[in-house]
There are 2 protein chains.
Amino acid sequence: MFSTSCHYALQAMIYIALRSGKDKNVDLASIAEELDIPKHFLSKILQLLVKNKLLLSMKGPTGGFKLSMPASRINLIKVVEVIDGLDVFNRCGIGFKQCDDSSPCPIHFEFSQVRQQVEEIFETKTLEQLTTDIEDGNSLVSLGLSTKIKK
Amino acid sequence: MFSTSCHYALQAMIYIALRSGKDKNVDLASIAEELDIPKHFLSKILQLLVKNKLLLSMKGPTGGFKLSMPASRINLIKVVEVIDGLDVFNRCGIGFKQCDDSSPCPIHFEFSQVRQQVEEIFETKTLEQLTTDIEDGNSLVSLGLSTKIKK
DNA sequence: TAATGGCATGAAGTAGAAAACATGTCTTTT
DNA sequence: AAAAGACATGTTTTCTACTTCATGCCATTA
């Protein structure tokens, strides 16, 4: 559904939301290593996110990346918008270029309803919700990202 | 969501369902031209569909392609299965490889519910339903594929 | 102020999907 | 049986997303 660049961006944003703070940056190497993403490639993606004001970057020792605003104000769709653009949510399921509401393909209405649900999910979910979920040990337990110790 | 090969396959199957009959084949050149698909590329895709028993092909003059079974028995998912494989319906929305029911990503359950709906659509819709829809002038009118003349 | 650790940027390389090409083989028709 | 029309097959080329490499630039810290 999304490009790998977009997947990397989403994963990195989640990671940064988990690990950075007001006065704490996360450095590229750590993100790349823990998420198993090619470092230099990730670098370009993060630069895009910086340019589009979702991230802040600092150079020098103690430098790195952090969110540009509270995690509660960043929803997933903002990330997708920067990397893949919003019309991923608007493509015909069968690949007809001319397919839209006024000239629908045979599955257009069923399919666009589902697409709308995906958009809704990405619109609704904020980084804050995701990190809470992870910190509580409800998600991504296998990655060991939770900061809480589960008994 | 699907590869272009898969889109081409779906479009071609619909076209063949519309234009072929028990004793009537449709030739590659016509399909490629009307659907605006590179001919030689389409050729390989159709060969895959032949190998996987969704199409029959005949050589020689009057040769071409036709469905291997009634349009009512071919649903869209069979086409997707041959070209892209079924695990397109099973991928994590954020791209985490280890994401599944037992080790979910933070949007796993919402997302897989939606994926299931897509699968449902492709499972339910048969080529017969689609062609009926098109012949009645309810879909793809712009392609001019309908055989009926609308007043 | 020099050394170090980090991001920024542009160019170059790779792999796989997509497309084009050339040739072979089969089947109908005359 | 020969010609022509169609699919079949294998090779090559192109394109693009993805990845890597090399270098420049900036900020902290000793």
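The values are calculated or read from the model by the stated rules, or taken from the named source; none is laboratory data. These numbers were taken from a predicted model, which means no experiment stands behind them. Cβ: placed from backbone, ideal geometry, glycine included. Neighbour counts: every protein chain shown. Protein only, heavy atoms only, side chains kept; ligands, DNA and RNA dropped before computing areas. Shrake-Rupley method; radii C 1.70, N 1.55, O 1.52, S 1.80 Å.
Quick one: which residue in A:Pro104, A:Pro61, A:Pro70 is out of contact with any helix residue (DSSP H, G or I) (no Cβ under 8 Å at 6 or more places or on another chain) and under 27 Å from A:Lys44 (Cβ atoms)? Steps first, please.
On the way: A:Pro104 fails: under 27 Å from A:Lys44 (Cβ atoms); A:Pro70 fails: out of contact with any helix residue (DSSP H, G or I) (no Cβ under 8 Å at 6 or more places or on another chain).
Result: A:Pro61 is the single residue among A:Pro104, A:Pro61, A:Pro70 that is out of contact with any helix residue (DSSP H, G or I) (no Cβ under 8 Å at 6 or more places or on another chain) and under 27 Å from A:Lys44 (Cβ atoms).
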Quiz item: Taking into account only those residues within the stretch B:103-131 that are over 20 Å from A:Val114 (Cβ atoms) and more than 9 Å from every other protein chain (Cβ to nearest Cβ), which is farthest from the chain's Cα centre (by Cα)?
Solution: B:Glu128
Quiz item: Among the residues of the stretch B:33-79, which ones are within 8 Å of DNA strand D (Cβ to nearest atom) and assigned to a helix (DSSP H, G or I)?
Solution: B:His40, B:Ser43, B:Lys44, B:Leu46, B:Gln47, B:Val50, B:Lys51
Quiz item: Is at least one residue of the stretch B:78-92 surrounded by fewer than 19 Cβ atoms within 10 Å (Cβ to Cβ) and touching a strand residue (DSSP E or B) at 6+ places or on another chain (Cβ under 9 Å)?
Solution: yes
Practice problem: Name the residue, out of B:Ala9, B:Ala17, B:Ala32, that is in contact with a helix residue (DSSP H, G or I) (Cβ under 6 Å, 6 or more places away or on another chain), open to solvent by less than 30 Å² (accessible area, probe 1.4 Å), within 19 Å of B:Val88 (Cβ to Cβ) and among the aliphatic types (A, V, I, L, M). | Solution: B:Ala9
Quiz item: Among the residues of the stretch A:58-99, which ones are at pLDDT 95 or above and among the hydroxyl-bearing types (Ser, Thr, Tyr)?
Solution: A:Ser68, A:Ser72
Exercise. Name every residue in the stretch A:50-71 that is open to solvent by less than 100 Å² (accessible area, probe 1.4 Å) and near DNA strand C (Cβ under 9 Å from one of its atoms), in order of residue number.
Key: A:Val50, A:Leu55, A:Leu56, A:Ser57, A:Gly60, A:Gly63, A:Gly64, A:Phe65
